[in-house]
Amino acid sequence: MIYYAVIDTNVFISALLSKNNDTATVKVLNAMLDGIIVPLYHSEILAEYDEVLHRERFHFHENSIQKILSAVKQYGVNVVPQATEEMFVDKDDLIFYEIALAKVDEGAYLITGNQKHYPLRSFIVTPTEMMRIIEQ
């Protein structure tokens, strides 16, 4: 089975920083690379991934960053956001929510390590919750 999901940037950061292949964020990244999770994206999301993953403080290797960006573009689905009236503390989070909202009727998820940044919705899940859904 495949799962459509918008993957918040913090999930990729956590996966790349992890020294343990058993963490939920690494499992989410691997599920995306294995085609189990089909990433949903928009040009604004790709721009955020690119900008944040290149931040000096993370020291990520260019190959790792490009692997993620290429996989999202190659295996993902470019989605037109669904506008919402909801207000967000961090306006950069809005696009992730709007993309997931556009495909929620098709079973899409928003995977984030920062659920407090989003409204309480059943389609917004942590990496651990997403892996439980996949493994059931």
> In segment 120-136, how many residues are part of a loop (DSSP other than H, G, I, E, B), more than 19 Å from Q82 (Cα to Cα) and free of Cβ contacts under 8 Å to residues at least 24 places away in the same chain?
Replying inline: 1
> What number of residues within segment 69-101 are of a type in the set (A, V, I, L, M, F, W, C), surrounded by 18 or more Cβ atoms within 10 Å (Cβ to Cβ) and touching a residue at least 24 places away in the same chain (Cβ under 8 Å)?
Replying inline: 6
>> Can you find a residue that is modelled with pLDDT of 95 or more, over 13 Å from I7 (Cβ atoms) and touching a strand residue (DSSP E or B) at 6+ places or on another chain (Cβ under 8 Å) anywhere in segment 82-96?
In response: no
> Taking segment 1-18, which residues are more than 14 Å from the chain's Cα centre (by Cα) and either within 19 Å of Q66 (Cβ to Cβ) or modelled with pLDDT under 95 (or both)?
Replying inline: M1, L17, S18
> Quick one: K19 ticks every box in (1) among the charged types (D, E, K, R); (2) more than 13 Å from I111 (Cβ to Cβ); (3) touching a residue at least 24 places away in the same chain (Cβ under 8 Å) bar one, so which box is it?
Replying inline: (3)
> What is the number of the single condition among (1) touching a residue at least 60 places away in the same chain (Cβ under 8 Å); (2) closer than 15 Å to A15 by Cβ that H61 does not meet?
Replying inline: (1)
>> Given the options Q82, Q115, name the one that is over 12 Å from the mean Cα position of the chain (by Cα) and over 27 Å from D22 (Cα atoms).
In response: Q82
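The values are calculated or read from the model by the stated rules, or taken from the named source; none is laboratory data. Note that the structure is a prediction, hence the values are computed from the model and not measured. Don't worry about glycine lacking a Cβ; one is built from the backbone with ideal geometry, like all the others, and counts go over all protein chains shown.
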